[in-house]
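What follows is a short report on a single structure.
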Amino acid sequence: MSTNRTSDRPATRRETILTGDRPTGPLHLGHYVGSLRSRLELQGAHDQTILIADLQALTDNAGRPHDVRRNVLEVALDYLAVGIDPARTTIAVQSGLPELAELTMLYLNLVTVARLERNPTVKAEIQMRGFERDIPAGFLCYPVSQAADITAFRATLVPVGEDQVPMIEQSNEIVRRLNRMAGRDLLPEARALLSSTPRLPGIDGRKASKSLGNAISLSDPPAEITAKVRRMYTDPGHVYASDPGRVDGNVVFAYLDAFDPCPAEVEDLKAHYHRGGLGDMALKRRLDGILQELVAPIRERRAELANDPGAVLDIVREGTMRARETTASVLADVRSVFHLPPRPGH
Ligand code: TRP
């Protein structure tokens, strides 16, 4: 059921695309290869909306609301700096769309607690955050709010990482229940578009995360990028350049695979490393050069945009207002399925 709704083949017809990010910190190179790059490719050819999911961020950051607020701007700066074009992609902020909250409230009636507790991504996140005993109800229910995000835009395609596939399945289950209640195809089911690049590890080989400080962000200054590349985990058994080294699990090669413009040369380097005779420092210098070149123009644009945060927030406000036209129309449809009267004034 889920497999035929998941695909890594690119979109062919014009699709309605929705993606989102939690504003918990500046975006990093993992976001760049995992999602930003494909959003750049998709914009223009499709109706694309990117949601800055501040309400979802609060489901596990309620103790740090000021950080979430500040990161809405940081994430918007990242989008614009990498080339997301507000004329072709709508950037909207979740908390500016009250229809999403109301849809969530209605969808919660179509989902069981047991179903929420089975969500493998939520399960893993609960464990990672040590929430076992005290799970915020909002956190357990965030897949329902994400279903509201997806359906409120009538999205047909959701480009995401593997870990988000359970969210799309959950959303499609809600859509099917709702369509059955409506007796017609009120809302479309969505397909996950999986990124073809594997998840980029943090510099220590663990999952990249802001709290571990192991990610290279798009806003890192040059010296910080160099320092992080130097600290990258390679093969602890590769002590001398002449030793044969392991390529699997070697973070430097994971990054070269993701960013080196000459994949054939990377293959040669892998063979050389494996044989022995290629030192970590030479590889790290190559990677550092590539990353500096990639990040420099992004950093420059970002710094320019950051001079006028009001203008950036205006772009987000405008995108949010545009988005509301769609979310309001979907909410009106869903309210009617639940036999709720139109909102006064609508
Ligand atoms: N859960 C996503 C993440 O953690 C963020 C997100 C919120 C999202 N709403 C969405 C992704 C809607 C896709 C569609 O990265």
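The values are calculated or read from the model by the stated rules, or taken from the named source; none is laboratory data. As the structure is a prediction and not an experimental result, all values here were calculated from the model. In this analysis, Cβ positions are derived from the backbone assuming ideal geometry, glycine residues included, and neighbour counts consider all displayed protein chains. We work out accessible area using only protein heavy atoms, side chains counted, and drop any ligands, DNA or RNA first. Shrake-Rupley method; radii C 1.70, N 1.55, O 1.52, S 1.80 Å.
The single condition among (1) part of a helix (DSSP H, G or I); (2) touching a residue at least 40 places away in the same chain (Cβ under 8 Å); (3) open to solvent by 20 Å² or more (accessible area, probe 1.4 Å) that Ile168 does not meet is (3). When Ser209 is tested against (1) within 14 Å of the ligand (Cβ to nearest atom); (2) out of contact with any Leu (no Cβ under 7 Å at 6 or more places or on another chain); (3) among the small types (Gly, Ala, Ser); (4) touching a residue at least 12 places away in the same chain (Cβ under 8 Å), exactly one condition is not met: (4).
Taking the condition at pLDDT below 95, under 23 Å from Arg324 (Cβ atoms), assigned by TED's automatic domain parsing to the domain that holds Ser196 and open to solvent by 30 Å² or more (accessible area, probe 1.4 Å), does Gly44 pass?
yes
Scanning for something in contact (Cβ under 8 Å) with a residue 60 or more places away in the chain, within 12 Å of the ligand (Cβ to nearest atom) and either crowded, with 16+ Cβ neighbours inside 10 Å or part of a helix (DSSP H, G or I) (or both), does the stretch 171-187 turn up at least one residue? The answer is no; no qualifying residue exists. Once the stretch 231-272 is narrowed to residues that are aliphatic (A, V, I, L, M) and outside any helix (DSSP H, G or I), the residue that is surrounded by the most Cβ atoms within 10 Å (Cβ to Cβ) is Met232.
Filtering the stretch 105-125 to residues that are hydroxyl-bearing (Ser, Thr, Tyr) and open to solvent by less than 20 Å² (accessible area, probe 1.4 Å) leaves Tyr107, Thr121. Being more than 10 Å from the ligand (Cβ to nearest atom), in the same structural domain as Ala53 (by TED's automatic domain parsing) and among the β-branched types (Val, Ile, Thr) is a property that does not hold for Ile168.
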